[in-house]
Amino acid sequence: MSFFKTFLAAFLAFIVVNVLLFVFSIMIFAGIATMFDESPTTVKSNSVLVVNFENGVVETATSPMNSIDFSSLKIVSSTTLYSAVTSIYSAANDDKVKGIYINLNGNASIAIAEEIRGAIATFKESGKFVVAYSDSYSQLGYYFSSVADKIYVNPEGSVEWSGISSSVMFYKGLLDKLGIKAEVIRHGSFKAAVEPFIMNSMSPENRMQNQKLVNSIWGTILGEVSRSRSIDSMVLSNYATDLAISSAADAYKYGLVDGLAYEDQVMKIINRIVLWDGEIENDQVKKSVYRNFVDQADGSEKLQIEIDSILQDKSIDSIVNINLISLNKYSTSVVDKSILSKNKVAIIYADGEIVDGAGEEGQVGSATLTKKLSKARKDDNIKAVVLRVNSPGGSALASEVMWREVELLKAKKPVIISMGSVAASGGYYISAPADMILADKFTLTGSIGVFGLLMNVEDGMRDKLGVNVDVVNTNPYADMGSPFRALSNKERDFLQNSVERVYATFVNRVSDGRNLSFEDVDNIGQGRVWSGVDALEIGLIDNHGGLIDAIYIAAERAGVSSDYKVIQMTDNDDSLLFLLNSLNSVKTQMIKSELGDMYEHVTSVKTMLKNTGVQARMPYKMTIE
């Protein structure tokens, strides 16, 4: 009897605790929702839009828990790429916004930076000014800021300019010490995802593709900066080779910046430009003056003299009050004039590692994505779909499942792919059948190849820990893939055949989708990764362009370009999944805050080791700073 009393008491306590936790969670989310429930912002006259990445720019809206910085316990609200770009376009036509002030002090991927930079370049066509300032510029920050009419840097600051590199961390030496041997089955001489586990340095093929990638990315950066700053790209490259830019003064000397200034001085300059704009509101030379507002032409000589005076004035006084408004705040003031349209262009995000099943936040689960694609296919009001792919790949089977759903969707309505920072392996697999593929110049794509990876810990268990594992089987190969023994030759041949079969299917999917021969795809496949620039040349993509470009094309192909609204189909649509992902995000964010820069390496290894089955995965993650 006492047992049942104890059991019932424990069971009741379990129920009460879980109910309390549930209520507490609801209270937390209600509080967070209240904090993020922003009312529309009122934009004042003579406002200046501030573009920075202080809280990050992300592909799609994430759970509220991802907005908590657990290292400081502060709320940080990230800007989505779609919101950032559409806000900049809206500001170009907003008479209350006089210009843009760039002051980067956060992070974004290089492909996202490319798209926002392109939006600012379009903004400049309105005749409004763009001014950039920073205490110091990272290489990515300078590339982004070079789109500005004028660039200023703190007199004691710096501009990084030394070229780019790609490094890969290898673990074979560690595995040898632990007595662990990696069992690798792959197709593709460039399929380098497994190299860190079986080698101590890059293979010749991997080194070649890495070199070509960094050369392509660096060439694109040089070209864009060259056009913006009117400095020959070879000269810019030589500056990096010679390490010529060692100080802010050097950056000014060699023309990378337009002046050395403190931020309060830049605020005065911006204030004077805004006031001067008001003085010439009806002047026909306004646009030409704005486009190069310090030229000694079109009546701007007076403005140039005043700006020179501000730069030369070293006195300290109060900062001029300017109506600065952030992208986040400004986005809440933007009104979608097509909100009542029945015609919809849907954006569906495939952002993260590809996995079987539902997946978690930061993953592309085959069940979750196919559900969204199917819903879009069956909704007659959705006239076209933009699938935004930002994925290094993952499960080959999950990729096949999603490929099928894209095929079914394409049969009913236009499907346009917009590639983000990376759309490789499985990410390219699901993109192949679309009507059109757009990518950024910096997008890493291709990687058409597959592999399998198993770990044999037999020697380490025995020699390091004194542990032996014995087994009985009903059939000779029942324990195939066990981590406690090596693969036999017959098992290796069996698994290799599986990899070859998946690779052939992958190539056929690309061949059919891109109207290329099997041989052509095989030649550009083999696991090789290509930049967006090279991908266009070899036919893996149709054109360069960003998310907004893809939306315009989708609407046009659906015949609704003059009357449509954009909807975003995110995980937030499923409140239960959203709640579960938000709870899981707490753990992820806490680990990130503890591991810092090592987080990516740790999660990369963990992901590689936990996956089973054939993988269509990007060989490494490349970060440009």
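Being under 30 Å from K177 (Cα atoms) and touching a His at 6+ places or on another chain (Cβ under 9 Å) is the filter; apply it to the range 457-513 and report the residue that is surrounded by the most Cβ atoms within 10 Å (Cβ to Cβ).
So, considering only residues that are under 30 Å from K177 (Cα atoms) and touching a His at 6+ places or on another chain (Cβ under 9 Å), the one surrounded by the most Cβ atoms within 10 Å (Cβ to Cβ) is V499.
Only one of (1) at pLDDT below 95; (2) within 18 Å of A111 (Cβ to Cβ); (3) of a type in the set (A, V, I, L, M, F, W, C) fails for A396. Which number is that?
Of (1) at pLDDT below 95; (2) within 18 Å of A111 (Cβ to Cβ); (3) of a type in the set (A, V, I, L, M, F, W, C), only one is false for A396: (2).
Which numbered condition trips up D459, out of (1) among the charged types (D, E, K, R); (2) at pLDDT below 95; (3) closer than 20 Å to E353 by Cα?
(3)
Might you check whether a residue that is in a strand (DSSP E or B) and aliphatic (A, V, I, L, M) occurs anywhere in the range 457-472?
Checking the range 457-472: not a single residue is in a strand (DSSP E or B) and aliphatic (A, V, I, L, M).
Can you tell me which residue within the range 514-569, out of those that are aromatic (F, W, Y) and crowded, with 18+ Cβ neighbours inside 10 Å, is nearest to V415 (Cα to Cα)?
Among residues in the range 514-569 that are aromatic (F, W, Y) and crowded, with 18+ Cβ neighbours inside 10 Å, the one nearest to V415 (Cα to Cα) is Y564.
Only residues that are at pLDDT below 95 and out of contact with any Lys or Arg (no Cβ under 8 Å at 6 or more places or on another chain): list them for the range 425-437, please.
None - no residue of the range 425-437 is at pLDDT below 95 and out of contact with any Lys or Arg (no Cβ under 8 Å at 6 or more places or on another chain), so the list stays empty.
State the number of residues belonging to the range 42-77 that are modelled with pLDDT of 75 or more and of a type in the set (S, T, Y).
Number of matching residues: 4.
Report yes if some residue within the range 185-199 is of a type outside the set (A, V, I, L, M), surrounded by fewer than 19 Cβ atoms within 10 Å (Cβ to Cβ) and within 28 Å of F494 (Cα to Cα); otherwise report no.
Checked the range 185-199: at least one residue is of a type outside the set (A, V, I, L, M), surrounded by fewer than 19 Cβ atoms within 10 Å (Cβ to Cβ) and within 28 Å of F494 (Cα to Cα).
Which residues, taken from the range 214-242, are within 26 Å of R528 (Cβ to Cβ), out of contact with any helix residue (DSSP H, G or I) (no Cβ under 9 Å at 6 or more places or on another chain) and of a type in the set (V, I, T)?
The one that is within 26 Å of R528 (Cβ to Cβ), out of contact with any helix residue (DSSP H, G or I) (no Cβ under 9 Å at 6 or more places or on another chain) and of a type in the set (V, I, T): V214.
Of all strands (runs of 3 or more DSSP E) completely enclosed by the range 324-431, which ones contain at least 3 residues that are of a type in the set (G, A, S)?
393-395, 415-424
What pairs can you find where one residue is in the range 77-93 and over 22 Å from M569 (Cβ atoms), the other is surrounded by fewer than 20 Cβ atoms within 10 Å (Cβ to Cβ) and of a type in the set (D, E, K, R), and their Cβ atoms are less than 8 Å apart, with a gap of 6+ or different chains?
A92/E125
Could you tell me which numbered condition S145 fails, if it satisfies all but one of (1) more than 30 Å from V50 (Cβ to Cβ); (2) crowded, with 17+ Cβ neighbours inside 10 Å; (3) small (G, A, S)?
(1)
Tell me yes or no: at least one residue of the range 505-522 is in a loop (DSSP other than H, G, I, E, B), in the same structural domain as M419 (by TED's automatic domain parsing) and touching a residue at least 60 places away in the same chain (Cβ under 8 Å).
No, every residue in the range 505-522 fails to be in a loop (DSSP other than H, G, I, E, B), in the same structural domain as M419 (by TED's automatic domain parsing) and touching a residue at least 60 places away in the same chain (Cβ under 8 Å).
Within the range 461-484, take every residue that is out of contact with any strand residue (DSSP E or B) (no Cβ under 7 Å at 6 or more places or on another chain) and in contact (Cβ under 8 Å) with a residue 24 or more places away in the chain and give me the one that is nearest to G188 (Cα to Cα).
Only one residue tops the list, namely F484.
Look through the range 172-191, keep the residues that are assigned to a loop (DSSP other than H, G, I, E, B) and touching a Phe, Trp or Tyr at 6+ places or on another chain (Cβ under 8 Å), and return whichever of them is nearest to W530 (Cα to Cα).
That would be K191.
Could you list, in sequence order, all residues of the range 98-150 that are assigned to a loop (DSSP other than H, G, I, E, B) and within 22 Å of G545 (Cα to Cα)?
N107, A108, S109, E125, S126, S146, V147, A148
Right, L324: at pLDDT 85 or above, in the same structural domain as A423 (by TED's automatic domain parsing) and touching a strand residue (DSSP E or B) at 6+ places or on another chain (Cβ under 8 Å) or not?
no
The values are calculated or read from the model by the stated rules, or taken from the named source; none is laboratory data. Nothing here was measured: the structure is a model prediction, and the numbers come from that model. Backbone-built Cβ (ideal geometry, glycine too); neighbour counts: all protein chains shown.
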